[in-house]
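The values are calculated or read from the model by the stated rules, or taken from the named source; none is laboratory data. A quick note: this is a predicted structure, and the numbers were derived from the prediction, not measured. A quick note on method: Cβ atoms are made from the backbone with ideal geometry, for glycine too, and the neighbour counts reach across all protein chains shown. Each accessible area value is taken on the protein alone, full model and side chains, heavy atoms only, with ligands, DNA and RNA left out. Shrake-Rupley method; radii C 1.70, N 1.55, O 1.52, S 1.80 Å.
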Amino acid sequence: MQRAMELADLAEQAGEVPVGALLVKDDRIVAEGWNRPIATHDPTAHAEMLVLRSAGPLLGNYRLIDTTLYVTLEPCAMCMTAIVHARVKRLVFGAFDPKRGAVCSALSLAEAAFMNHRVEWHGGLREEACAAQLKRFFHRKRSGAD
């Protein structure tokens, strides 16, 4: 999760919401990324989506079997659906997102009967640090410091 937080710092330095993600297979990092919707003019350029897009060609498969995705914030509905379709085995996230989180907070897509794959998940890894990173960013935005 430390590396995901470093990636989130890169997002923040670029003026993006600080979310970082990385995908691991066989104990090695396959792909990593951070939020980039503003820079790319792409509303789907969330950290998780960029990682999934990068990993497929690197692994030679659109199904990311036996992988673990680490992300600093609980994924939204778009990202969680993509994670399921990619057949990611395990998801580990830092901060819970009570307003938009789609793993277990606002929605429970990890347990949704209509999903064709079950992603193992664990939330709250370095939760306080991940949440603090986001809170600092939004506090600076609201106070006009940026």
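Give the cross-link partners of LYS141 among the lysines, using a straight C-alpha distance below 25 Å as the criterion and excluding same-chain residues fewer than 8 apart.
LYS99
Which residues does a label at ALA39 reach in segment 1-32, if reach means a backbone N under 18 Å from a point 7 Å past the Cα toward the Cβ?
Residues 3-23, 31-32 fall inside that zone.
Would you please classify the overall shape of segment 40-81 from the alpha carbon gyration tensor, given that a ≥ b ≥ c denote the square roots of the eigenvalues, rounded means a/c under 1.5, and beyond that prolate means a/b larger than b/c while oblate covers the rest?
Oblate is the answer for segment 40-81, as a/c is 1.5 or above yet b/c matches or exceeds a/b.
For the pair ALA14 and ILE65, how long in nm is the line joining their label points, each one 7 Å along Cα→Cβ?
Result: 3.2 nm between the two label points.
Carbon and sulfur atoms: what percent of the 1.4 Å accessible area of segment 34-146 do they account for?
Numbers: 3400 of 6050 Å².
Reported share for carbon and sulfur atoms: 56 percent.
Quick one, which of (i) 34; (ii) 12; (iii) 40 is the actual percent of Cα pairs over 28 Å apart calculated for this model?
Given (i) 34; (ii) 12; (iii) 40, the structure-derived one carries the label (ii).
In square nanometres, what is one fourth of the surface area of the convex hull spanned by the alpha carbons of segment 59-110?
3.2
Got a sec? Charge dipole of segment 47-94, +1 on Cβ for Lys and Arg, -1 for Asp and Glu; which of ILE65, VAL92, ALA82 is way out at the positive end?
Of the options given, the answer is ILE65.
With only Lys, Arg, Asp and Glu charged, each at its Cβ (+1 for the first two, -1 for the last two), find how big the charge dipole of segment 70-146 is about the Cα centre; round to the nearest 20 debye.
Here the size comes out at about 220 debye.
Stretched out fully, how many nm does the piece from LYS99 to ARG118 gain, at 0.36 nm a residue minus the Cα gap?
4.6 nm
What share of the DSSP beta bridges in the chain is antiparallel, in percent to the nearest 5?
55
So how strong a dipole does the chain carry about its Cα centre when Lys and Arg Cβ are +1 and Asp and Glu Cβ are -1, to the nearest 20 debye? Before the final figure, lay out the partial values.
Working: 18 positive and 17 negative charges, 37 e Å.
Using only the charged Cβ atoms, the result is roughly 180 debye.
Under the classification rounded if a/c is under 1.5, otherwise prolate if a/b is larger than b/c and oblate if not, where does segment 73-146 fall, given a ≥ b ≥ c as square roots of the Cα gyration tensor eigenvalues?
In terms of gyration-tensor shape, prolate.
At 7 Å along Cα-to-Cβ for each site, give me the label-to-label distance between ARG28 and SER54 in nm.
So the two model labels end up 1.6 nm from each other.
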